Each structure stands twice: as structure tokens, then as C-alpha cells.
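Student: Structure incoming, see below.
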Amino acid sequence: MSITTLSLKKLKEQGQKFSCVTAYDATFSAVASQAGIDVLLIGDSLGMVLQGQDSTLPVSMNDMIYHTQCVKQGATGPLIMADMPFNSINTLENALNNASLLMQAGAHIVKLEGGEWLAEYISALSDRGIPVCAHLGLTPQSVNKLGGYRVQGKEADKANSMINAAKLLEQAGADIILLECVPTSLAELITKKVKIPVIGIGAGNVTDGQVLVMHDLLGISSGHKPKFVKNFMTEANSIQEAFSQYNTDVKSGDFPSEDFSFSG
Ligand code: KIV
């Protein structure tokens, strides 16, 4: 069965959780599909986990198109979400052209990082039939402005602006919100305040869906390991088993437990 933005919304209405993992090629896309993963994200994290860059900023539109085409070849049912890379939405015209290229490469929905300012972009894309996921909280493309990869929305004013941004972007036509590295209590508030599905990473087990970078889930990432990362390979005999366990634990609400979440 193919997953759509509508089926994810129905899952939210029924109080059922869904799983998302990053994928960058046809082989892993096929294995994740067979394991029952609902959403495959071609994340610009590929700049770090595939290309060895120290941030996502160098990732180009051509990189994203190529990896989206690869993932499309292996996917057998999950919703395919592709990241709009750094500087690909610097004008409305570029946003429309670049999002269209990702849709033609096989994406069912594009993901944009930002805040309230995304509203006019989301509205333009949505009007033209392009579904959008709005990525709030820790937005890695802004790492230089944020001063590092740190938890966002801890202060009351910042939390309130994130809540307002989520509501505004839903009104503008966003189909999904993704929250990265925010306190669990804030993620819970936002998840309750919007009708569209909310995917979390480092946002507690209170969101409608969860996402992890594939390399983190398989325990093959190098460097600093963020608190929300769990290696599902430690108790699995195969990569498919690790994906399946992640899928099961997300859907039961067992992952992420408090040990993998930010309190407050
Ligand atoms: O690029 C990516 O993989 C992401 C996830 C970390 C959410 O945006």
C-alpha cells in the first residue's frame, strides 16, 4: 500500500504513529520499504553522511535530484520526501523550479527549513500542487546563525514563536511539520495545536512520527553522537531487522524514551 500525505493525516486522527528514516540510494530504500517504514527522507544530511562534509551547506540541487532518483527506484510504498538544499529557495521562482525538479525526480513532498518566513513559499508551492513539509526547531542549514547544533525553543519567547510559526505554516498549506531538537513539552504542544502530522527528531515520543538518519540508526556514523540517536543494530542480526525494530518501537511509542529526548 502506498503512503500519502492524506494517509499520514488519517493516522494522526486515529492516534497512530508512523516511522521515517533517511535514505539515499535504491538498495537501502528497498530494505526500508520491506521493513514497513512509512516515509523515506532524502535528507541533505547526505552532505555529511555520504560526502563527508562538515555541514549540509555544500549540498547542491543536482545532488538532491540524483539521490531522489535513486531512492525512487528502490521504494515500494513509502512516501518519498526530498530536502530543498541550502539556497535553493532564495526566490519564489527558484523555489518553484527547484521543487518541481525534485518532484520530477520522484519525490511526493519537499521539505523546507525555516520559520514564519516560509509561509509565502509554502503557499506558492501548495497552490501549484507541490506538498510541503516545514522543518522547524534546529534547522541545520542555519547552523552558522544558530551558533551550533543545539536544542531550540527552550526560552518562552522562542517556544511561542515556534508554536506561532507551526500554526501559520499549516494555514499557508504545509502538509507536515518536522521538529528537530526541541524540548518534549514544546513538541507535544505543537503536535496538539496543528491538525497536520508532526514528525520529530530529538523531540520526544509525543510527535505523530519519528525520523532518524539511517547511518545513526545503523550505528555507522562517526563523530559526535547526539542524545536522540539510538543504534538499532546492537540487537539486530540484519539491517532489515534493525529497520523493523525501529519501525515497531516508533509505532508503539517505545522510541524515543526519555533517555533519547530533551526534557523541559
Ligand atoms: O537532512 C536530514 O536528514 C534531515 C533530518 C535530520 C530530519 O533533515
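Student: Name the helices (runs of 4 or more DSSP H) wholly inside the stretch 24-80 in which the number of residues that are closer than 20 Å to PRO140 by Cα is 3 or more.
Tutor: 46-49, 61-74
Student: Could I ask something else about it? Restricting the stretch 18-32 to residues that are open to solvent by less than 10 Å² (accessible area, probe 1.4 Å) and in contact with a His (Cβ under 9 Å, 6 or more places away or on another chain), which is nearest to the ligand (Cβ to nearest atom)?
Tutor: Per the criteria, the residue is THR22.
Student: Using beta carbons and a limit of 7 Å, which pairs, at least six apart or on different chains, have the first residue in the stretch 51-64 and under 18 Å from ALA23 (Cβ atoms) and the second one in a loop (DSSP other than H, G, I, E, B) and of a type in the set (Asp, Glu)?
Tutor: Cβ pairs passing all conditions: THR56/ASP44; VAL59/ASP44; MET64/ASP44.
Student: Moving to a separate point now. Go through the stretch 169-187 residue by residue and tally those that are within 16 Å of the ligand (Cβ to nearest atom) and touching a residue at least 60 places away in the same chain (Cβ under 8 Å).
Tutor: Number of matching residues: 5.
Student: As an exercise: evaluate SER100 against (1) within 16 Å of the ligand (Cβ to nearest atom); (2) among the polar types (S, T, N, Q); (3) farther than 30 Å from HIS224 by Cα and give the number of the one condition it does not meet.
Tutor: (1)
Student: Inside the stretch 200-244, can you point out the residues that are hydroxyl-bearing (Ser, Thr, Tyr), touching a residue at least 60 places away in the same chain (Cβ under 8 Å) and more than 14 Å from the ligand (Cβ to nearest atom)?
Tutor: The answer is SER244, and nothing else.
Student: Return the total of residues in the stretch 129-161 being within 21 Å of LEU8 (Cβ to Cβ) and open to solvent by 10 Å² or more (accessible area, probe 1.4 Å).
Tutor: 4
Student: I've got another one for you. More than 15 Å from the ligand (Cβ to nearest atom), in contact (Cβ under 8 Å) with a residue 60 or more places away in the chain and open to solvent by 60 Å² or more (accessible area, probe 1.4 Å), is that true of SER263?
Tutor: Yes: the conditions hold for SER263.
Student: I'd like the full set of residues that are among the acidic types (Asp, Glu) and open to solvent by less than 10 Å² (accessible area, probe 1.4 Å), limited to the stretch 33-85.
Tutor: ASP44, ASP83, listed by residue number.
Student: Given the criteria at pLDDT 95 or above, charged (D, E, K, R) and either open to solvent by less than 10 Å² (accessible area, probe 1.4 Å) or within 30 Å of THR248 (Cβ to Cβ) (or both), does GLU93 qualify?
Tutor: So GLU93 fails the test.
Student: Any chance the stretch 111-130 includes a residue that's without any contact (Cβ under 8 Å) to a residue 12 or more places away in the chain and either not in a loop (DSSP other than H, G, I, E, B) or not small (Gly, Ala, Ser) (or both)?
Tutor: So far as the stretch 111-130 goes, yes, one or more of its residues are without any contact (Cβ under 8 Å) to a residue 12 or more places away in the chain and either not in a loop (DSSP other than H, G, I, E, B) or not small (Gly, Ala, Ser) (or both).
The values are calculated or read from the model by the stated rules, or taken from the named source; none is laboratory data. Being a predicted model, the structure only gives us computed values, none of them experimental. Backbone-built Cβ (ideal geometry, glycine too); neighbour counts: all protein chains shown. Note: areas computed on protein heavy atoms with side chains; ligands, DNA, RNA excluded. Shrake-Rupley method; radii C 1.70, N 1.55, O 1.52, S 1.80 Å.
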